[in-house]
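*Asks:* Could you have a look at this structure, given as structure tokens, before my questions?
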Amino acid sequence: MNDARAYPPRERRVEPKRTVDFAAELNAAQHAAATHRDGPLLIVAGAGTGKTRTLVYRVAHLIERGVPPQRILLLTFTRRAAQEMLARAEKLVGQTSRGVHGGTFHGTAHRLLRRFGPETGLPGDFTILDQSDAEDLMQLSRAALGLGDKTKRFPKKETLHHVYSRHVNTDIPVGAILREEYPRFIAFEDDFARVFADYTARKQGRDLLDYDDLLLYWALMLESAPGIADKVAGLYDHILVDEYQDTNVLQARILKGMCRMHRNITVVGDDAQSIYAFRGATIRNILDFPREYHGAATVTLEENYRSTQPILDATNLLISRAEERFSKELFTRRTGGEKPWLVTAQDESQQTRFVVDRILELHEEGIPLREMAVLFRAGYMSADLEIELTARNIPFDKWGGLKFLEAAHVKDVLAFLRVLENPRDEVSWYRLLLLMPGIGEVTARNAVQSMADLAWSHEAFGRFQPPPRAREAHAALVRLLGDLRGNAGGDEGRVAREITRVRAMYDDILRERYDRVEPRLSDLDQLQTIAGGYPDRSTFLSAIALEPPSATSDLGFGADAEDDTLILSTAHSSKGREWDAVFVIWAVDGYFPMARALGSDDEIEEERRLMYVAMTRARNHLAVSYPLNAYDTRRGADYSIDQVSRFLDRGVRKAFQKVVLETVADPSLTPDADATAPEVDLRALLKNRFAPPNA
Ligand code: ATP
Ligand code: MG
């Protein structure tokens, strides 16, 4: 073409590399760790002592030493954490650090399995089941074995999945898990095994992998296939792991396999902050590290750089109550600052009012909103605060506890895409068949069976003979799926367009089902926006199953990272972060610790560590608040009088200054002191109302 326009390359501007003075920017122990040559290294230290910082500097140092960035693997707890650490490394050593592979265990497993899976007999196009999909599949197994009908007491799908997952992640035998957690189900031990066998076969027959499989297959690839193990382990020369206290047995096995050739492994953790035992994490990984890796160097850090002394006094006291503990008491040079506040509120609305007022006050003193966070035990506990923040126009971003992708309507739409991607995806087939008017359980089951009989070929669903009632729905679905399949070819925006077509049918179903359909439709708009950012369907589906958006900002609405927004976060999602001012709300027994975690001492200890994590996020200001009264339907009572969290015992409370909130009297409700004679006698008006007519 003659009218082609010349497009000159832009000048390539690369930030000049600054020379990093490792010794000046780190203390002696941190420096020793960051510049440690080769071989296993354990950094075990308390909150805010610079563990993550040291890891960033170690990445930078490795690159300066000449280790090719793409041969470094950095494993973190969230993708966001990896991105931030690598962004910091980039500031130190420049853009080359972008070559470093950073991510979560699950994300990395996914990448490796897509690449090496086919050599080990895994299908290249497997679909990932998230937790609720996995539970649904467990339900299909349970029903297929007739265990659902035989006895009502047979455990529910959630319990089955929990036991399964725990067993896989911890290597604890199923019988032992039942004895410990579900003694009432011990008699069903054999049935558990049958369900798990069916579940495993079902996944394999349908090219489905659950979260645990990602880790399990990665471990097996390293342990049972020497040829491939060499290739996989040969990808990296150095492996670094942050938050090692929250890894499980399976992850320790993976690390062992990944670095058996070079043993260049650095792990960083704090046993006092282990908060994922409920998912099978174990601090034994930290404790056993020196034994697992002979000759490992151990570095401990005791200086806290984050918090002021008064805050540290309070958190040191809080964690000193923990039953088992290995890391030392921390000190800081950040003397000065006031004691943290312990705020008693009359009820939730007063607590909310206080938090918002104080945030505005600190903001006026010059602290940006993004330097403040409100933390709570569970996502729903911020509902009242969110309403108030919205009313008062304070922008916020919420992390953790997001239910967006768990919403039924979002899962419904995804089910269409998933059967296109993997025609064997039984869970999604059920889901979408049952949506269709005229198709019930029996027809759905027959349809799935007939597809299985035809080896799940693309045409299988079209060949299914539906009963008369279901004919129209069947034909519509065949048309839609055929349409979507015809729309092959990867181009930008394709996934979003597919969602548009699905919605041409689905939105009507939604309108039929719900009275208030608008918020649901706008969720689907959001899903579409997110989908627009992915190159193809497979990447999109894997990404949202693996790294579901965990903050409102990840969803594209709410705030930009650049904006000045307050952070609301669950305590779990606050791990590793820090803010100038931190509010911990609902420090009430039953809320924090949460009521359902009060079952065993271990669970209570984990809740204590979680509160420790929450409070140690604060640099200069910490306020812990508890409402005295709560309307609480969750606990069965309408109204209850609350007790302050058991973790704030008398001794711990001494490290706080008590703050009592003054109530602003509502002027319209105070009796008018000047009124002497009543204007009207209300009682007299009613007195004779029910008197007999002629009295
Ligand atoms: P957590 O246990 O909460 O994950 P951590 O041990 O990973 O904490 P970091 O987040 O790395 O701690 O560091 C806490 C804060 O202290 C950060 O702001 C960090 O930049 C600062 N810091 C750590 N070490 C130093 C140092 N040697 N000089 C200056 N600042 C430091
Ligand atoms: Mg850290």
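*Asks:* Taking the Cα centroid of the stretch 466-525 and of the stretch 371-400, what is the distance between the two, rounded to the nearest whole Å?
*Replies:* Value for the Cα centre distance between the two parts: 34 Å.
*Asks:* Ranked highest first by average number of other Cβ atoms within 10 Å, how do 252-259, 186-193 line up?
*Replies:* 252-259, 186-193
*Asks:* Still on this structure: Find which of 57, 239, 222 sits farthest along the positive direction of the dipole of the chain, computed with +1 on the beta-carbon of Lys and Arg, -1 on that of Asp and Glu, about the Cα centre.
*Replies:* 222
*Asks:* Still on this structure: Where does each of 298, 344, 352 land when they are ranked from fewest to most other beta-carbon atoms within 10 angstrom?
*Replies:* Working: 298 12, 344 16, 352 23.
With the sparsest Cβ surroundings first, the list reads 298, 344, 352.
*Asks:* How much length is gained on full extension from residue 492 to residue 682, taking 0.36 nm per residue of separation minus their Cα-Cα distance?
*Replies:* Stretched fully, the residue 492-residue 682 segment lengthens by 61.1 nm.
*Asks:* On to the next question. Under a crude label model (7 Å from the Cα following the beta-carbon direction), how far is residue 300 from residue 539 in nanometres?
*Replies:* Label at residue 300, label at residue 539, 4.7 nm between them.
*Asks:* Sticking with this structure for a sec: For residue 431, what charge total do you get from the other residues with a beta carbon under 10 Å from its beta carbon, if Lys and Arg give +1 and Asp and Glu give -1?
*Replies:* Net of charged neighbours comes to -3.
*Asks:* Separate question: Please arrange 505, 381, 611 by counting, for each residue, the other beta carbons lying within 10 Å of its beta carbon, fewest first.
*Replies:* 505, 381, 611
*Asks:* Still on this structure, please answer the following. In whole Å, what are the Cα extents of the stretch 404-549 along the three principal axes, biggest one first?
*Replies:* 39, 37, 24
*Asks:* Continuing with this model, one more query. Give me the percent of DSSP beta bridges within the chain that run antiparallel, rounded to the nearest 5.
*Replies:* DSSP beta bridges in the chain are roughly 10 percent antiparallel.
*Asks:* For residue 650 and residue 288 in one chain, what is 0.36 nm times their gap in residues minus the Cα-Cα distance, to one decimal in nm?
*Replies:* Separation in residues times 0.36 nm, less the Cα-Cα distance, equals 126.8 nm.
*Asks:* Follow-up question, since we're still on this one. P(r) for the chain: what percent of alpha-carbon pairs falls in each 10 Å bin, starting at zero?
*Replies:* 3, 12, 20, 24, 20, 12, 5, 2, 1, 0, 0
*Asks:* Spin-label point model (7 Å from Cα, Cβ direction): what's the residue 83 to residue 564 distance in nm?
*Replies:* 2.3 nm
*Asks:* Please arrange 319, 585, 283, 177 by counting, for each residue, the other beta carbons lying within 10 Å of its beta carbon, fewest first.
*Replies:* Placing the least packed residue first, the sequence is 177, 283, 319, 585.
*Asks:* Suppose every Lys and Arg Cβ carries +1 and every Asp and Glu Cβ carries -1, with no other charges. What dipole size does the chain come out with about its Cα centre, to the nearest 20 debye? Walk me through the intermediate numbers first.
*Replies:* Numbers: 91 positive and 102 negative charges, 309 e Å.
In debye, rounded to 20, the chain gives about 1480.
*Asks:* So, R0 is 41 Å and r is the distance between the beta-carbons of residue 7 and residue 64; what FRET efficiency does that work out to, to 0.05?
*Replies:* Computed FRET efficiency for residue 7 and residue 64: 0.70.
*Asks:* A further question follows. Under a point spin-label approximation (7 Å from Cα along Cα-to-Cβ), what is the residue 442-residue 525 distance to one decimal in nm?
*Replies:* Each label point lies 7 Å from its Cα, and together they span 4.2 nm.
*Asks:* Moving on to the next point. Say R0 is 56 Å: what FRET efficiency, to the nearest 0.05, do residue 452 and residue 388 get from their beta-carbon distance?
*Replies:* Numbers: r = 53 Å, r/R0 = 0.94.
According to the calculation, E is roughly 0.60.
*Asks:* Once the Cα atoms of the stretch 127-206 are picked out, what are the Rg and Dmax in Å?
*Replies:* Cα-based Rg and Dmax for the stretch 127-206 come out at 11.9, 34 Å.
*Asks:* Determine ³J(HN,Hα), in whole Hz, for all residues of the stretch 73-78 in sequence, where each value follows from phi through the Karplus function 6.51 cos²θ - 1.76 cosθ + 1.60 and θ = phi - 60°; x replaces Gly and Pro.
*Replies:* Working through the residues one at a time gives 10, 10, 9, 10, 7, 9 Hz.
*Asks:* Would you calculate a helix-derived [θ] at 222 nm for the chain, using -39,500 (n - 2.57) for each DSSP H run of n ≥ 4 and dividing by the full residue count, to the nearest 500?
*Replies:* Taken over the chain, the calculation gives -13500 deg cm²/dmol.
*Asks:* Please give the contour-minus-distance gain from residue 32 to residue 501: 0.36 nm per residue of separation, less the Cα-Cα distance, rounded to one decimal in nm.
*Replies:* Once the chain is fully extended between residue 32 and residue 501, it gains 163.0 nm.
Only the coordinates and a few stated rules stand behind these numbers; no lab work does. Predicted model only: the values in this text are computed from it and were never measured. Backbone-built Cβ (ideal geometry, glycine too); neighbour counts: all protein chains shown.
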